[in-house]
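I have placed the structure first, in the form of C-alpha cells, so that the comments after it can refer back to it.
The values are calculated or read from the model by the stated rules, or taken from the named source; none is laboratory data. Predicted, not measured: the structure shown is a model, and the values here were computed from it. FYI the Cβ positions are ideal-geometry reconstructions off the backbone, even for glycines, and counts take in every protein chain you see.
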Amino acid sequence: MAIQKILIVDDSPTERYFLTDILVKNGFSVSTAENGEDALAKIKADKPQLILMDVVMPGQNGFQITSAISRDPETQDVPVIICTSKNQETDRIWGLRQGARDYLVKPIDPQELLAKIAALG
C-alpha cells in the first residue's frame, strides 16, 4: 500500500514547514509534532504510515523515540526515517539500530526524500 499519511517530528518550525511543503505538494497528508512526547501521543491517536524523525529535540531525543516506536507492538510496523543534522556514520548506525528504516542528513534534499518514501511504499 502506498504511503499517504506522514508524521513529521521536529522541534524546528522552519524544518516542519519545509518538509510539510515538499510532502503536501506531492500529494501526502501531513501532521506534525514538536517533540517526542507529542509524537508518541499523535501516533497512538492517529497512526501515520511513515514518520520523519529529527534527533536533537527537547525531552527525549529522536533516537529514544524511534526505539520506543520500534519496540511497541502497536507501532512497530510504522517505518521511521531519521532526518537530522547529525552527519556522523556512528549516528547513522545508531539510528538504524534503534529501528529506523533510513537516515537522511539535513539539509534534506527533496528528491532524495521522495525517493526514500517511494522505496518504502
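Is there any pair with a first residue in the stretch 22-40 that is part of a strand (DSSP E or B) and crowded, with 16+ Cβ neighbours inside 10 Å and a second that is acidic (Asp, Glu) and modelled with pLDDT under 95 whose Cβ atoms are under 8 Å apart and which are 6 or more apart or on different chains, and what are they?
SER31/ASP46
Taking the stretch 1-11, which residues are touching a helix residue (DSSP H, G or I) at 6+ places or on another chain (Cβ under 9 Å) and either in a loop (DSSP other than H, G, I, E, B) or closer than 19 Å to GLN111 by Cβ (or both)?
Pass one, the stretch 1-11, residues touching a helix residue (DSSP H, G or I) at 6+ places or on another chain (Cβ under 9 Å): 2-3, 6-10.
Residues satisfying the conditions are ALA2, ILE3, ILE6, ILE8, ASP10.
Of all residues being of a type outside the set (D, E, K, R) and touching an Asp or Glu at 6+ places or on another chain (Cβ under 8 Å) in the stretch 34-52, which is farthest from SER70 (Cα to Cα)? Just the residue, please.
Going residue by residue through the stretch 34-52, those that are of a type outside the set (D, E, K, R) are 35-36, 39-41, 43, 45, 48-52.
Then keep just the ones that are touching an Asp or Glu at 6+ places or on another chain (Cβ under 8 Å); that gives 35, 52.
Details: ASN35: 17, LEU52: 14 Å.
Per the criteria, the residue is ASN35.
Suppose we filter the stretch 69-121 for residues that are more than 21 Å from GLY36 (Cα to Cα), hydrophobic (A, V, I, L, M, F, W, C) and exposed (fewer than 13 other Cβ atoms within 10 Å of the Cβ); how many remain?
Residues that pass the stated criteria total 3.
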